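*Asks:* Have a look at the structure that comes next, please.
The values are calculated or read from the model by the stated rules, or taken from the named source; none is laboratory data. If you're wondering where the values come from, they're calculated on a predicted model, not measured in any experiment. Note: ideal-geometry Cβ built from the backbone for every residue, glycine included; neighbour counts use all protein chains shown. What goes into the accessible areas is simple: the full protein's heavy atoms, side chains included, and nothing from ligands, DNA or RNA. Shrake-Rupley method; radii C 1.70, N 1.55, O 1.52, S 1.80 Å.
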Amino acid sequence: METAEDDFDVDVEVDFIGRETDLKRIYKAWGKHRIFGIFGLRSVGKSRLVKEFLTRYKSKEDVIVNVDVKPLSNSSSLYSHICVKLGIKTEANARESERWIHHIVSELVKRSEENFILVFDNTEDYQEFKGTATRDSFLSLCSQVIKRCSNVKIILTSTTRVQFAGLGHAYFSYKVLPLKRTETKRLLRSVIWGTDLGEYEDSIVTLSEGLPLLILMIGSELTEDDGMLTPEDIVECLLTSRLKTLSREFYPKEDRVADVYKDFIDRLASVYREKLTILEYIPGTFNVDQVSQLLDAETEAIVKYDTLKPILGRHFLSYDPTTRRFNIQGILRECLQSYYTIKNLPEVRARYCKIFTAVMVNISKRLGTTEYTEAMAEFTVEHPNLQKLLTDVKYTRQDTYHFFIKIATDCTVLVDQFMAGDGEDFYQGCMRIANMYGKDRDRANVHIAVGSLYTNIKGHLVRGADNYDSAIAVFEKYGKSLQLATAYQRKGWNLYSQGKNLEAVKFLKQAFDLSVSSGKEYQSILLQSLNSLGLTNTVLGRFEEAERYHFESLKRRKEIQGEDHPFVGACLNNIGIMYYLKGDSHKALKFYEEGLEIKRKSATPVISLVNSLSNTANMYSETGNSKKAHILLDEAIELLNKEKVPCRDAAALLCDTKGKVYRREGAFKFAEDMFQKAIDVRKEISDENVPYLESLVHLANINKRQGNYISCIRISNKALTIKEKAEIAMPQHPFIKECLECLVEVYKKTDDKDKCKETLEKLESELIRLEKVHLDHGNERDLLKVRTQMHEIKAELEMAPKL
């Protein structure tokens, strides 16, 4: 096994893998240069690369002199060691550097008929720790050899780039990076010969970071003890405690990953080590400005020169010139977290809050503008840093709480759409600190944020409404404000989601009236109000009003957000819904397609894109193009499969839509499988909500159509058990009605007259309930349908004795 010290003389048990590009580049420089500096991170494979290069490319006449510098404590021991390697006697009086260097150079000149390659391994100690005199002597030796001995080439390996003055083009330096992913896989497979990693291979490759030491240690863990640890076990261990897993006490110290990299960090001067420990508080990548603020530096130029350049030169940081951002190498991060502490942690946290609150607010503001794509790209880069910001709410003090209140006020759309997994704990923390330090308006702002979370993410609509009411009660005391308009709009959307559409219109119009004549800061609420009014009036069957609101929203969005903004795509999708409910399938499909095209072009959230794909697929299916419908649904499924965090709601929606497509095709068995998958997922989310009820009804219907009447009755009865809770959550839903209609058909087909009459009576009661709901909501379109069906059921019940 290759040791952590990169000892050139050690026998390496594994075959050399990869590095073909590195070897070619060094070979290309071999004929043009005389001295080569091979540098890079600890245990990245520098010495092994040099050994492989010489094995492949040295001439038969070349004499290789290997000198491991690490154990040589000073110039005198270096001199003695070189003499031994060259087979010459030391001079007793060669104590001063000029004398012993002259002696070695003279001996090499005398042997001009021989070609020498001097390999100095692990030279970083001579650069950093063994004194200025030792460093200068070593560099002088290399320079003198190159200048006076044309028969000699020198190769140096080091974790620090070796600097030479006066050698000009003779010197070639080359940075060795971690192995590429394909190379990592090949090396890993070579050391675990016969072990099948299966689905865990990619995870193990990622966790090894392309570092040969980590790869070899992981291979050792997988193969020792007759493979007691499975690949799944290894992944779990590496994810929970990678340092401990790869640093067990029975390994030699030079193979323990924690010891190797802690020693590497300890070599860093204390002033840089302290700064690096502070920078590790940023979990993702960072730019110079963020470093400057976090370290409280005077200027960016100073932080570049005094901090970043020295640390970067010692390979603790990586730098991407395209994004101009830095990152700390992964295994070094873990060591910093495990073994080093930040001395002034409260101050660092406060600076962190200030820095990344500004970043988050800036991104949020740009989401609703033509800069959406750029904002999303920045969010992707900053995501780990913003996640940490949200979790830091638990450390809030009085001097920092206002940062978190600002996030809750200005960034709810960003949190709800892209950081929902962290949102609930964050808002709970905000409420706690608002109660401790804040004023009533701070608490009201948090109530709006919590209301949005419950409404849009958790589906707890009543809780969401209660939070909006608490906010409205506060903001109404202070007169017109953006916060009041926001609370009205979100309360209106909540009521729309509950099916309370007339109440929803009242609040949405209040939000619209406050926003329409106000400044730019109200634009977002104005657009949301227009959109919500369009949707609400669509459900109410007021299609002329809905059309007016939708197209006004579309016009303003294009002006403010640009033609290709995902919110424009969402607006077009909503217009498609309006035409679909109006009964114009072809117009609906046209707007669905336009909305989908825009969402594809923009950096729209995956969930939003999946919803559009589902709607468009459903419409293709209804208009007879099942093939296109399946293509879109398969695309949506593939998108969801790529998501790191599974979105179960969207997955269930796609299964349900695919089931409808199969049902229209007459492929009932495939439809049954899809509806069952939707049920399984929706039951995990909640077995009392309306989407779960909807899929149960679909499954019952498909069993009826296949003649599986017993299964249909069983599934329908299961659906009816959640009738009351579903009615509270969404009073206007039609699924209990559809369930009872299905049962009526089954009882007719099985000639069960008593059950048929009993179910018809239940259906009549359900229609009476829906009539009242649609009356209350002013939904004339659906009211007409219900009353027509009530008349038919009444007539059928009058005929019941004759059945």
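*Asks:* Given a 1.4 angstrom probe, I'd like the percentage of the accessible area of the chain that is carbon and sulfur, rounded to a whole number.
*Replies:* 50 percent
*Asks:* Tell me which residues come under 5 Å, amide H to amide H, from Ile155 once H is placed; ignore anything under 5 positions away on its chain.
*Replies:* Residues meeting the criterion, in which the H sits 1.01 Å from N, are Phe36, Leu118, Val119, Phe120.
*Asks:* Additional query: Cross-link list Lys660/Lys718; Lys458/Lys491; Lys737/Lys794; Lys70/Lys253; Lys704/Lys755; Lys32/Lys147: which exceed 18 angstrom alpha carbon to alpha carbon?
*Replies:* Cα-Cα > 18 Å for Lys660/Lys718; rest within.
*Asks:* While we're here: So if I restrict to the alpha-carbon atoms in segment 180-278, what is the Rg, and what is Dmax, the biggest pairwise distance, in Å?
*Replies:* According to the Cα coordinates of segment 180-278, Rg and Dmax are 14.7, 48 Å.
*Asks:* To continue, here is another question. Could you point to the residue in Tyr251, Ala269, Ala297 farthest towards the positive end of segment 239-314's charge dipole, with +1 and -1 charges on the Cβ of Lys/Arg and Asp/Glu respectively?
*Replies:* Tyr251
*Asks:* Can you run the Rg to Rh ratio on segment 586-632? Use alpha carbon positions and the Kirkwood inverse-distance Rh.
*Replies:* Looking at segment 586-632, the ratio lands at 0.97.
*Asks:* Suppose every K and R has +1 on its Cβ and every D and E has -1 on its Cβ; what is the size of the dipole of the chain about the Cα centre, in Debye to the nearest 20?
*Replies:* 1620 debye
*Asks:* In whole Å, what is the distance between the alpha-carbon centres of segment 10-81 and segment 181-258?
*Replies:* Cα centroid of segment 10-81 versus Cα centroid of segment 181-258: 26 Å apart.
*Asks:* Oh, and also: Between Glu232 and Arg463, what length in nm is gained on full extension when 0.36 nm per residue of separation is reduced by their alpha carbon distance?
*Replies:* Full-extension gain reported as 79.1 nm.
*Asks:* Quick check: residue separation of Lys85 and Leu54 times 0.36 nm, minus the Cα distance between them. What number comes out in nm?
*Replies:* 9.4 nm
*Asks:* What whole-number value in Å² describes the accessible area per residue of segment 225-349 for a 1.4 Å probe?
*Replies:* It amounts to 51 Å² per residue over segment 225-349.
*Asks:* Still on this structure, I have one more. Projecting each Cα onto the charge dipole of the chain (Lys/Arg +1, Asp/Glu -1 at the beta carbon, about the Cα centre), which of Leu336, Gln523, Ile679 comes out farthest on the positive side?
*Replies:* Positive-end residue among those listed: Gln523.
*Asks:* Given Cβ point charges of +1 (Lys, Arg) and -1 (Asp, Glu) and nothing else, what value in debye, to the nearest 20, does the dipole of segment 40-139 about its Cα centre take?
*Replies:* 300 debye
*Asks:* Quick one: angle between helix 270-279 and the longest Cα principal axis of the chain, in degrees between 0 and 90, rounded to 10, please.
*Replies:* Between the helix axis and the principal axis of the chain, the angle is about 20 degrees.
*Asks:* Here's something else I'd like to know. Give the residue list of trypsin sites (Lys or Arg not before Pro) in segment 609-708 that are DSSP loop and have at most 15 other beta-carbon atoms within 10 angstrom.
*Replies:* Lys644
*Asks:* Hey, another quick one. What is the local net charge at Arg248, summed over the other residues whose Cβ is closer than 10 Å to its Cβ (Lys, Arg +1; Asp, Glu -1)?
*Replies:* Computed value for this residue: -1.
*Asks:* Also, quick follow-up: Be a star and scan segment 647-680 for residues whose amide nitrogen sits under 12 Å from the point 7 Å along the Cα-to-Cβ vector of Glu638.
*Replies:* Hits in segment 647-680 for Glu638 at 12 Å: none.
*Asks:* Provide the FRET efficiency to the nearest 0.05 for the Asn435-Lys388 pair, computing r from the beta carbons and using R0 = 30 Å.
*Replies:* Efficiency for this residue pair is about 0.80.
*Asks:* Follow-up. Distance in nm between label sites at Asp399 and Arg664, each 7 Å beyond Cα in the beta-carbon direction?
*Replies:* The two pseudo-label positions are separated by 6.3 nm.
*Asks:* Take the Cα pairs of segment 349-427, get the Kirkwood Rh, then feed it into Stokes-Einstein at 4 °C and 1.567 mPa s and tell me D in µm²/s.
*Replies:* The estimated diffusion coefficient comes to 104 µm²/s.
*Asks:* Further question on the same structure: Using the Karplus curve 6.51 cos²θ - 1.76 cosθ + 1.60 with θ = phi - 60°, what ³J(HN,Hα) values do you get for each residue of segment 580-596, in whole Hz, with x for Gly and Pro?
*Replies:* 5, 5, 6, x, 9, 5, 5, 5, 4, 4, 4, 6, 4, 5, 5, x, 5
*Asks:* Something else: Tilt of helix 626-642 relative to the longest C-alpha principal axis of the chain, in degrees (0 to 90, nearest 10)?
*Replies:* For helix 626-642, the angle is close to 50 degrees.
*Asks:* Aspartates and glutamates near Lys520 by alpha-carbon distance under 18 Å, same-chain residues fewer than 8 away left out - which ones?
*Replies:* Correct list for Lys520: Glu371, Asp410, Glu552, Glu559.
*Asks:* Hey, another quick one. In nm, to one decimal, how far is the Asp751 label point from the Lys520 one, both placed 7 Å along Cα→Cβ?
*Replies:* About 7.7 nm separates the two model spin labels.
*Asks:* Next question, about the same structure. Can you tell me what share of the DSSP beta bridges in the chain is antiparallel? A percent to the nearest 5 is fine.
*Replies:* Roughly 20 percent of the beta bridges in the chain run antiparallel, per DSSP.
*Asks:* Moving to a separate point now. If you count only protein heavy atoms and use a 1.4 Å probe, how large is the accessible surface of Thr486, to the nearest 10 Å²?
*Replies:* 20 Å²
*Asks:* Which entries in Lys627/Lys669; Lys683/Lys748; Lys365/Lys558; Lys599/Lys642 show an alpha-carbon gap greater than 20 Å?
*Replies:* Lys683/Lys748
*Asks:* Would segment 235-290 count as rounded, prolate or oblate if I go by the C-alpha gyration tensor, calling it rounded below 1.5 in a/c and otherwise prolate when a/b exceeds b/c, oblate otherwise?
*Replies:* Here segment 235-290 falls in the oblate category.
*Asks:* Now, a different point. For segment 615-709, go through all pairs of different Cα atoms, get the mean of 1/r, take its inverse, and jot down that Kirkwood value in Å.
*Replies:* About 13.4 Å for segment 615-709.
*Asks:* Here's another thing I want to ask about it. Could you grab the relative contact order for the chain? Cα pairs under 8 Å, six or more apart, rounded to a whole percent.
*Replies:* Averaging sequence separation for qualifying contacts and normalising by length gives 6 percent for the chain.
*Asks:* In degrees between 0 and 90, to the nearest 10, how far off the longest principal axis of the chain does helix 735-749 point, with axes built from Cα atoms?
*Replies:* With rounding to tens, the tilt is 60 degrees.
*Asks:* Shifting gears a bit: Which length gain, in nm to one decimal place, applies between Asn93 and Thr182 when the Cα-Cα distance is subtracted from 0.36 nm times their residue separation?
*Replies:* The span from Asn93 to Thr182 would gain 26.6 nm if fully extended.
*Asks:* Would you check the accessible area of Lys718, probe 1.4 Å, heavy atoms only, in square angstrom rounded to 10?
*Replies:* My reading of the accessible area for Lys718 is about 90 Å².
*Asks:* Still on this model: Whole number in Å², please: accessible area per residue of segment 601-760, 1.4 Å probe, ligands, DNA and RNA not counted.
*Replies:* 47 Å²
*Asks:* Under the rule of at least 5 residues apart or a separate chain, name every residue whose amide H is placed under 5 Å from the amide H of Val63.
*Replies:* Those qualifying (amide H under 5 Å, at least 5 residues apart or on another chain) are Asn115, Phe116, Ile117.
*Asks:* Counting only Cα, what are the radius of gyration and maximum Cα-Cα distance Dmax of the chain, in Å?
*Replies:* 35.3, 128
*Asks:* Counting just the Cα atoms, what span does segment 57-122 cover along each of its three principal axes? Round to the nearest Å and put the largest first.
*Replies:* Computed over segment 57-122, the largest-to-smallest principal extents equal 35, 27, 16 Å.
*Asks:* Along the charge dipole of the chain, pointing to its positive end and built from +1/-1 on Cβ of Lys, Arg, Asp and Glu, which listed residue (Ser77, Cys712, Ser470) has its Cα farthest out?
*Replies:* Positive-end residue among those listed: Ser470.
*Asks:* Out of residues 5 or more away from Ser173 or on other chains, whose amide H comes under 5 Å of its own, with H placed 1.01 Å from N in the peptide plane?
*Replies:* Gly37
*Asks:* Given charges of +1 on the Cβ of Lys and Arg and -1 on the Cβ of Asp and Glu, with all other atoms neutral, how large is the dipole of segment 700-770 about its Cα centre, in debye to the nearest 20?
*Replies:* Taking the Cα centre of segment 700-770 as origin, the dipole is about 240 debye.
*Asks:* Let me ask something additional. Provide Rg and Dmax in Å for segment 507-576, with only Cα atoms included in the calculation.
*Replies:* Cα-based Rg and Dmax for segment 507-576 come out at 11.4, 32 Å.
*Asks:* Hey, quick one: spin label on Arg267, modelled 7 Å out along Cα-Cβ, who in segment 50-79 has an amide N within reach, i.e. under 17 Å?
*Replies:* From segment 50-79, the list is 50, 67-74.
*Asks:* Now a separate question. Along the Cα→Cβ direction, 7 angstrom out, place labels at Asp289 and Leu502. What is the inter-label distance in nm?
*Replies:* 5.3 nm
*Asks:* Next question. For segment 108-166, what does the alpha-carbon gyration tensor say about shape, rounded, prolate or oblate, given a ≥ b ≥ c as the root eigenvalues, a/c under 1.5 as rounded, and a/b over b/c as prolate?
*Replies:* Prolate, since a/c reaches 1.5 and a/b exceeds b/c.
*Asks:* If you find the alpha carbon centre of segment 291-309 and of segment 316-352, how far apart are they in angstrom?
*Replies:* One Cα centre to the other: 14 Å.
*Asks:* Please work out the C-alpha center-to-center distance from segment 541-568 to segment 265-282 and express it in whole Å.
*Replies:* Distance between centres, Cα-based: 52 Å.
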